[in-house]
Each structure stands twice: as structure tokens, then as C-alpha cells.
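Colleague: Below is one structure. I have some questions about it.
The values are calculated or read from the model by the stated rules, or taken from the named source; none is laboratory data. Note that this is a predicted model, so its numbers are computed, not measured. Note that each Cβ is placed from the backbone with ideal geometry, even for glycine, and that neighbours are counted across all protein chains shown.
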Amino acid sequence: MAVRYANATNNGMELMATIKGLEALKEKCRVTIYSDSKYLTEAIERKWIIKWMRKGWMRSKTEGVKNVDLWKRLWAMIQKHEVKFHWVRGHAGNPENERCDQLATIAMNMPDLEEDIREEAQGFSQIGMDLLN
């Protein structure tokens, strides 16, 4: 599947790809996500996301977390499954990673864009908070 969204950043697309993959699962699964995005893998494996939630989605006193809506959606999906994240070096011959790069290139060249990935949907504001209280 290759999709390109209007106004999407690389990091936003890394998050959305993971979200869409997890949303496609119809029952609870044990999943390992392989990604060349340290932004994604370290935020989960190093538990940065939990720190961000505890701090009201702030990285520091003056800097907010980017892509909060997507992080909240991802966190909701992680709670439904047993998910591990594993970083792989990009452009290093990993067949699955190379295939993802091919699909990303195809999507970048698509003439028609999907609606923007920003989804400030109601109900996501409290995601994860029950685990922190």
C-alpha cells in the first residue's frame, strides 16, 4: 500500500504508516515493527512517549511534542497489541526496508493526494492518561 497525504512530514508519515499497519489488525497480535526512523523507535522503546504524556505532551517547558495527534493514535493502537519496535539502518540492504522506500517513492510521485493526516479527533485527548494516573 502506498499513500501520499497532503502537508505530511517525513516523521508524520513514519507514524501514520505504523498506525495504519496496526489498525489493519483485526484481533490482538504480537507485533514487531521494524523502522529506520529513530524518531519512532526510540520514542517507544526509550519510553519518551510516556514522559511526554506525563508532561502534557511537552518535551521541555517551552517545546511541545510534534505530531501529538498521531502519537495519541499510535499509543491507542499499542495498547491493543503486544508491540515491540526495532530500529534498522536505512538504505543498508534490508529487503523489507528497501521495499518501504520503493513504496514511499511511488507515493511521493502520485498526482492525487489523500486528505491530510492531521486528525484532531475528539476522544484522543485522554489516551494514555489512564495508564499514568
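Colleague: Based on this model, can you work out whether residue 126 counts as farther than 20 Å from residue 38 by Cα, touching a Gly at 6+ places or on another chain (Cβ under 9 Å) and either exposed (fewer than 13 other Cβ atoms within 10 Å of the Cβ) or at pLDDT 75 or above (or both)? Don't jump to the end; show me each part of the working.
Modeller: Working: farther than 20 Å from residue 38 by Cα: yes; touching a Gly at 6+ places or on another chain (Cβ under 9 Å): no; either exposed (fewer than 13 other Cβ atoms within 10 Å of the Cβ) or at pLDDT 75 or above (or both): yes.
No.
Colleague: Checking residue 30 against (1) at pLDDT 95 or above; (2) of a type in the set (D, E, K, R); (3) farther than 23 Å from residue 99 by Cβ, which test does it fail?
Modeller: Of (1) at pLDDT 95 or above; (2) of a type in the set (D, E, K, R); (3) farther than 23 Å from residue 99 by Cβ, only one is false for residue 30: (3).
Yes or no, residue by residue, for (1) surrounded by 16 or more Cβ atoms within 10 Å (Cβ to Cβ); (2) at pLDDT below 95; (3) assigned to a loop (DSSP other than H, G, I, E, B):
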residue: 8; (1), (2), (3): yes, yes, yes
residue: 12; (1), (2), (3): yes, yes, no
residue: 43; (1), (2), (3): yes, no, no
residue: 60; (1), (2), (3): no, yes, yes
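Colleague: Sticking with this structure for a sec: Using the structure shown, decide if residue 71 is among the hydrophobic types (A, V, I, L, M, F, W, C), assigned to a helix (DSSP H, G or I) and closer than 15 Å to residue 13 by Cβ.
Modeller: yes
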